[in-house]
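**Student:** Can you read through this structure? Questions will come right after.
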Amino acid sequence: MKNIVIFGAPGSGKGTQSDLLVAKYGFRHISTGDVLRAEIKGGTELGKTAQGFINNGQLIPDSLMIDILAKVYDGLMPCEGVIFDGFPRTIPQAEALKAMLAERGTEVTCMLELDVPDDMLMERLLLRGKTSGRADDNEETIRKRLDVYHAQTSPLAAWYEGEGKRHAIKGYGDIQEINDALCAVIDAE
Ligand code: AMP
């Protein structure tokens with residue numbers, strides 16, 4: 001059972017690469033952003049709470065996210081492996097993920113970090129905004145999301161380095177080459 005964290009800024013290609021890994025390995029995929037967007041669409045209480053944060057480019061409170069994550073994770077069991085996309089985004093979330101997996105007798109296998117410069121992220125997200133229909137893919141909210149990433153999420157790189165699980169990969173260029181680099185790490189685990 002593999003638990004793979006795919007990590008990077010908004011627009012770094014986590015979703016695209018997760019889809020390729022799912023196709024290759026048959027892993028299950030947890031995108032917390034997708035989970036929240038489905039809740040918003042469904043008009044649930046959680047969706048109503050999440051909407052304000054998402055549209056402002058801010059993070060949903062840790063306690064709420066951790067709860068959601070455990071439920072989604074348990075719902076996918078049993079399976080060969082899980083890709084965590086967009087979670088954890090803060091150090092408390094990473095600690096909670098570690099504790100949640102330990103309670104289930106498992107752990108994070110590796111953290112795959114997609115490194116992409118900010119100007120390229122902005123370009124990609126503005127392009128995605130033309131077709132994604134996402135309320136947060138506009139220039140002002142993208143800037144906020146990138147600020148939130150640098151302030152709250154990027155410290156996780158050092159956190160996972162300390163855990164001995166971080167693998168940083170160049171996240172631009174040919175999509176298949178990026179995927180090959182990710183697969184090489186997974187296959188070595
Ligand atoms: P994403 O689709 O991963 O870019 O997430 C879109 C938005 O959902 C983020 O900007 C946050 O507002 C919210 N979100 C997704 N995952 C998390 C998380 N792990 N913690 C807090 N907020 C999250």
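**Student:** Could you check region 153-189 and list, in sequence order, the residues that are open to solvent by 70 Å² or more (accessible area, probe 1.4 Å) and of a type in the set (S, T, N, Q)?
**Tutor:** 176
**Student:** Would region 126-135 turn up any residue that is buried (at least 19 other Cβ atoms within 10 Å of the Cβ) and under 19 Å from residue 18 (Cα atoms)?
**Tutor:** no
**Student:** Being of a type in the set (A, V, I, L, M, F, W, C) and within 12 Å of the ligand (Cβ to nearest atom) is the filter here; which residues of region 115-138 pass it? Break it down stepwise before answering.
**Tutor:** Pass one, region 115-138, residues of a type in the set (A, V, I, L, M, F, W, C): 116, 120-122, 125-127, 135.
Once the filter is applied, which keeps residues that are of a type in the set (A, V, I, L, M, F, W, C) and within 12 Å of the ligand (Cβ to nearest atom), region 115-138 yields 121, 125, 135.
**Student:** What is the residue count in region 87-110 for residues that are away from the ligand (no atom under 14 Å from the Cβ) and either under 17 Å from residue 21 (Cα atoms) or of a type outside the set (Asp, Glu) (or both)? So that I can check it myself, show each step before the final result.
**Tutor:** Let us first name the residues in region 87-110 that are away from the ligand (no atom under 14 Å from the Cβ), namely 98-99, 101-110.
Retained after the next criterion (residues that are either under 17 Å from residue 21 (Cα atoms) or of a type outside the set (Asp, Glu) (or both)): 98-99, 101-102, 104-106, 108-110.
Total meeting the criteria: 10.
**Student:** Specify the residue that is most open to solvent (accessible area, probe 1.4 Å); the eligible residues are those in region 1-38 that are part of a helix (DSSP H, G or I), within 12 Å of the ligand (Cβ to nearest atom) and among the aliphatic types (A, V, I, L, M). Before you say what the answer is, go through the steps one by one.
**Tutor:** The first filter runs over region 1-38 and keeps only residues part of a helix (DSSP H, G or I), leaving 14-25, 32-38.
Subsequent filtering for residues that are within 12 Å of the ligand (Cβ to nearest atom) retains 14-15, 18, 32-38.
Now drop any that are not among the aliphatic types (A, V, I, L, M), which leaves 35-36, 38.
On the way: 35: 34, 36: 11, 38: 63 Å².
Selected residue: 38.
**Student:** Is it the case that residue 84 is within 13 Å of the ligand (Cβ to nearest atom) and either part of a strand (DSSP E or B) or touching a helix residue (DSSP H, G or I) at 6+ places or on another chain (Cβ under 7 Å) (or both)?
**Tutor:** Working: within 13 Å of the ligand (Cβ to nearest atom): yes; either part of a strand (DSSP E or B) or touching a helix residue (DSSP H, G or I) at 6+ places or on another chain (Cβ under 7 Å) (or both): yes.
So residue 84 fits the description; yes.
**Student:** Going residue by residue through region 92-103, is there one that turns out to be in a helix (DSSP H, G or I), open to solvent by 70 Å² or more (accessible area, probe 1.4 Å) and under 17 Å from residue 13 (Cα atoms)?
**Tutor:** Checked against the condition, which is being in a helix (DSSP H, G or I), open to solvent by 70 Å² or more (accessible area, probe 1.4 Å) and under 17 Å from residue 13 (Cα atoms), region 92-103 yields no hits at all.
The values are calculated or read from the model by the stated rules, or taken from the named source; none is laboratory data. For clarity, every value in this text was computed on a predicted model and none was experimentally measured. Neighbour counts run over all protein chains shown; Cβ positions are idealised from the backbone, glycine included. In case anyone asks, the SASA skips ligands and DNA or RNA and just uses the protein heavy atoms, side chains included. Shrake-Rupley method; radii C 1.70, N 1.55, O 1.52, S 1.80 Å.
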